[in-house]
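J.: Next up is a structure, given as C-alpha cells.
Please treat every number below as a calculation from the coordinates, not as lab data. None of the values given here were measured: they were computed from a predicted structure. Because the Cβ atoms are built from the backbone with ideal geometry, glycine has one as well, and the counts that use them run over all protein chains shown.
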C-alpha cells in the first residue's frame with residue numbers, strides 16, 4: 001500500500017534526524033527495521049531492532065515529536081531494556097526506563113513537555129531503573145503514571161501495576177503481550193511474524209553488539225551526561241572474573257572469612273594447593289568436606305563493574321576452602337534467580353535481568369534451606385535487609401565505602417578498596 005510506504009519513509013526520515021543530536025545511535029538507527037503494524041496502538045520496538053509503528057499514531061505526531069519518540073525507542077535498544085527486564089516485571093521495568101529516557105530526552109532536546117502524553121518523572125535520568133521500580137511498588141498510590149507509555153490516560157502506578165504490592169511482585173499477570181508497553185517481547189514478535197523467527201534471533205545478537213558500541217561512543221563523547229542508567233547494557237554480561245592477581249586487603253578479608261566458615265578442619269594429610277609453587281613450604285590443606293557457599297547478588301546499575309572482581313575473588317578461594325558449589329541468588333521484591341554454579345564456572349557466568357535493592361527475600365529464601373551455612377552478599381549498601389539475624393554467617397561485600405551509612409546489625413562488612 002502506498003500509504004504504508006509513505007509512513008515507513010517518514011519514520012525513516014525521522015530516524016535519520018535522531019542521529020543529529022545523538023550520533024552515537026547511528027548504528028542502531030541503521031539496523032532498525034520499520035514495520036507498519038496496526039495491531040499495536042502506538043509504537044514499540046523489539047530486541048531485534050524491528051520498530052513497529054501504528055500509522056494513525058505516527059500521523060498525529062509533528063516532526064519534532066516524532067524525532068523525540070523515535071529517539072526514545074532507539075534508547076531502549078541502547079540501554080538493553082529488553083534484557084534487563086528479564087527476571088523482573090517486564091512492563092514495570094519498561095515504565096521505569098521510559099521515565100529515565102523521557103527525562104533525559106527532555107534535557108537533551110530542550111523540551112518543556114513530553115510528547116504523545118508520554119511518561120513523565122522529572123529527575124528520573126539521575127536515578128536507576130531499579131530505584132524507580134521499587135518506588136512504584138512501595139509508593140504506587142502516590143506515584144503518577146499512565147495507562148500506557150504513549151497516548152495513555154493518567155493513573156496512579158498502583159492501579160497500573162496492581163500485582164506489585166502483592167507477595168511475589170516481579171513477573172506475572174501484568175506481562176501480557178497487549179499491555180501498553182513499548183518494549184515488545186520476543187514471544188510477541190514470533191507470534192506476529194512466525195516466518196522470521198530465525199532472522200529475528202540473528203538480528204537480536206547483532207543489536208547487542210551495536211548497543212554496546214552505542215554506549216561506548218556515548219561515554220567517549222560525553223553524551224547523555226548525568227544519566228545514571230547509561231551503563232545498564234552491561235547488566236547482562238559475561239562475568240570475566242579477574243583471578244590470580246595481587247590480593248588486596250579486602251580480598252584477604254574475604255579469604256579469611258571463607259576459611260573461618262568452612263566446615264572442615266585443617267590437616268597436613270591434604271597439603272594446601274595455594275602454596276604449591278613454593279617447594280620449601282608445606283601448608284595444611286582442608287580435610288575434604290564438600291559444602292555449598294551461597295552468594296546473594298545486588299545487580300543494580302552501581303554494581304555492574306564490581307561483580308566481576310568480587311566473583312573472581314570468591315572463585316579463587318573456593319577450592320582451598322573445599323567449596324563444591326556456589327549458589328547465586330538474585331532478587332528484587334522476590335527471588336528472581338537461583339542458580340547452582342561450579343566454582344570454576346564463576347569465571348564466565350552470565351548474569352541476566354536485574355536484582356534489586358532489597359535482599360530480604362533472598363536471605364529468607366536461603367534460611368529455609370538447611371544446607372545454608374554461610375552467605376556472601378554483594379551489594380552497594382543502598383539495600384534493604386531483615387533486621388533480625390538469619391541462622392547463618394553473613395559477609396557483606398561493598399564495592400566502596402557506602403554513603404548510605406550502611407551498618408547492618410549482624411555479619412561482617414568488607415569494602416573492596
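J.: Once every Cα of the range 1-120 carries one equal point scatterer and solvent is ignored, give the base-10 log of I(q)/I(0) from the Debye formula at q = 0.18 Å⁻¹, two decimals.
T.: Those come out to -0.94, one per q.
J.: Ok, one more. Packing-wise, with mean Cβ within 10 Å as the measure, how do 186-199, 373-386, 18-31 rank, highest first?
T.: Numbers: 186-199: 13.6, 373-386: 20.6, 18-31: 19.0.
With the highest mean Cβ count within 10 Å placed first, the list reads 373-386, 18-31, 186-199.
J.: I would also like to ask the following. Across the range 82-163, what fraction of all alpha-carbon pairs, as a whole percent, falls in each successive 10 Å bin from zero upward?
T.: 19, 54, 25, 1
J.: Shifting gears a bit: Decide, for the range 2-227, between rounded, prolate and oblate: order the square roots of the alpha carbon gyration tensor eigenvalues as a ≥ b ≥ c, take rounded if a/c falls under 1.5, and otherwise choose prolate if a/b is larger than b/c, else oblate.
T.: Numbers: a/c = 1.37, a/b = 1.21, b/c = 1.13.
Rounded.
J.: With a 10 Å Cβ neighbour count serving as the proxy for reagent exposure, in which order, fewest first, do 161, 340 appear?
T.: 340, 161
J.: Arrange the following residues from fewest to most other Cβ atoms within 10 Å of their Cβ: 257, 291, 396.
T.: Taking fewest neighbouring Cβ atoms as first place, the list is 291, 257, 396.
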